[in-house]
Amino acid sequence: AVEDIAVDFANLRAAWGAAVEGGRIDEVAQATEPLWLYADTRGGAGEVGTLLRQALDAAEQIVPAGVGPGTPRESQVGSMALLRCATGWTLAQRGMLETGRSMLERGVAELTSETRDSKLALGHLWHGWVSFLLARNAEAAEHAHEAIVGFADHGDLWGVARCHFLIGNNDTAVGQLVTADDALRTSLEMAEKIGDRRGVALACRNLCILAGWFGRYDEARSLIDRARALSREFDDRLGSAYALRELGKVLTIEGRTAEAIETLQRSIGITDDVDNRWESAATADDLGNAFAAAGDFDAAEEEIRRCLRAAESSGHRYFVARCIGDLGALALRRGDTSRAEEHLGEAL
């Protein structure tokens, strides 16, 4: 299906434009979730974001402010809110995290006042992810809970599995590793049950992170090999990039720094190609650590600072702290203990 859409994307773009021009906002909204799924799998947040923004701008001209439940245009208000949420997600993927979060916050509030259908659950899921990226972990957990209840109420097992995946990521970030492992394994089992290969690949990738942290490198490699194989089956470019990033980190730990650097550069090449600027920046920090392990300290600092600039400009507090901490570790490798202490103190 992904390949069919990719081949025919010019026609999709034309149909979308005709629907927008004709004011058929409900039809556009009906296509929003599959368009997002396509962008999330294949990449292209920039192009999809442009289409969503085009539709949102048109919807705001058609649907007057203040239209509430019970009016003839209630469905269009809900459709516009979904478009707003999806646009916020694409902005976040392109590195504009705070702007994307603000748009999602407004969209979810509008959906809450208009509907209790699956659109609201999807909005909460998107909002939860962007909150997680901004290290707003309590907020991410709240949205994940709202999303999982909504998806469960509609019997949407795919949505429930993705919520467990979000919860696993969020719990990992705050150090709740046992509950993170449970959530990710639940996501993996549900994805396997419903045949969601991408969900399996994503869960394997994050279980690989936990296995690596606990020093279970053979298990980590097995998990990431499975994720890579699944991603290649249907040209999941973002999934492949994620898997390569985790493989690069494992290779760095194993001391195979030349392979690690090449692997991480391939990951960045993919995320650059699909215009996912934030993931490119995030992987640059891992690339910097690989260069540091290889003894190329200047290249290491360049990559870590690349990630730091992106994190600072987007308000990503977790990565700001992480990059400053990595600069401290790099200063220590260089023998500059006073600079190392300064950076590590700031990171804390």
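The values are calculated or read from the model by the stated rules, or taken from the named source; none is laboratory data. Treat the numbers as computed from the prediction; the structure is a model and nothing was measured. When we count neighbours, we look across all protein chains shown, and the Cβ atoms used for this are built from the backbone with ideal geometry, even at glycine. Each accessible area value is taken on the protein alone, full model and side chains, heavy atoms only, with ligands, DNA and RNA left out. Shrake-Rupley method; radii C 1.70, N 1.55, O 1.52, S 1.80 Å.
Rank Glu254, Glu146, Glu33 by mean-square fluctuation in a GNM of the chain with C-alpha springs under 10 angstrom and give only the top-ranked residue.
Glu254
Quick check for you: with a 1.4 Å probe and neighbouring chains kept, what is the accessible area per residue of the stretch 171-253, in Å²? Mind dumping the intermediate values first?
Details: 3540 Å² over 83 residues.
Ligands and nucleic acids excluded, the figure is 43 Å² per residue.
Among Ala260, Ala14, Ala331, whose mean-square fluctuation peaks in a Gaussian network model of the chain (Cα, cutoff 10 Å)?
Of Ala260, Ala14, Ala331, the Gaussian network model singles out Ala14 as fluctuating most.
Got the relative contact order for the chain handy, in percent, Cα pairs under 8 Å and 6 or more residues apart?
The normalised contact order for the chain reaches 12 percent.
Given Thr263, Asn206, Thr179, which one lies farthest toward the positive end of the charge dipole of the stretch 166-267, if we put +1 on the Cβ of every Lys and Arg and -1 on the Cβ of every Asp and Glu?
Thr263
For helix 137-153, report the angle its Cα long axis makes with the longest principal axis of the Cα atoms of the chain; keep it between 0 and 90° and round to the nearest 10°.
Roughly 50 degrees, rounded to the nearest 10.
Taking the Cα centre as origin and putting +1 on Lys and Arg beta-carbons and -1 on Asp and Glu beta-carbons, what dipole magnitude results for the chain, to the nearest 20 debye? Don't skip to the answer; put the middle values down first.
On the way: 37 positive and 55 negative charges, 22 e Å.
Here the chain has a charge dipole of around 100 debye.
Note the listed values (1) -0.50, -0.63, -1.46; (2) -0.74, -0.86, -1.32; (3) -0.50, -0.62, -1.32, then indicate which one is log10 I(q)/I(0) by the Debye sum over Cα atoms at q = 0.09, 0.10, 0.15 Å⁻¹ calculated from this particular structure.
(3)
Count charges around His164 for me, please; just the other residues with Cβ under 11 Å from its Cβ, Lys/Arg as +1, Asp/Glu as -1.
Result for the local shell: -1.
Counting only protein heavy atoms and a 1.4 Å probe, tell me what percentage of the stretch 147-277's accessible area is made up of carbon and sulfur.
Carbon plus sulfur share of accessible area: 52 percent.
Would you work out which of Gly195, Ser240, Ala121 lies farthest towards the positive end of the dipole of the chain? Charges go on Cβ: Lys and Arg +1, Asp and Glu -1.
Projecting each Cα onto the dipole axis, the largest value belongs to Ser240.
Pick from Ala173, Ala183, Ala144 the residue whose mean-square fluctuation is largest in a GNM of the chain, springs joining Cα atoms under 10 Å.
Fluctuation is largest for Ala173.
At what distance in nm do the modelled label points of Asp235 and Ala258 sit from each other, each positioned 7 Å from its Cα along Cα→Cβ?
Between Asp235 and Ala258, the simple spin-label model gives 3.3 nm.
Give me the accessible area of Tyr217, 1.4 Å probe, in Å² rounded to the nearest 10.
80
Could you give the nm distance between label points at Asp117 and Asp272, where each point is 7 Å from its Cα heading toward the beta carbon?
Between Asp117 and Asp272, the simple spin-label model gives 4.3 nm.
Just how far, in whole angstrom, is the stretch 164-204 from the stretch 235-301 if you go by their alpha carbon centroids?
Distance between centres, Cα-based: 22 Å.
Can you give the helix-only mean residue ellipticity at 222 nm for the chain, where every DSSP H stretch with n ≥ 4 adds -39500 (n - 2.57) and the sum goes over all residues, rounded to the nearest 500 deg cm²/dmol? Spell out each step's value before the answer.
Working: 18 runs with 293 residues, N = 348.
About -28000 deg cm²/dmol.
When a/c reaches 1.5 or more, the comparison of a/b and b/c decides; with that in mind, is the stretch 102-185 rounded, prolate or oblate per its Cα gyration tensor?
oblate
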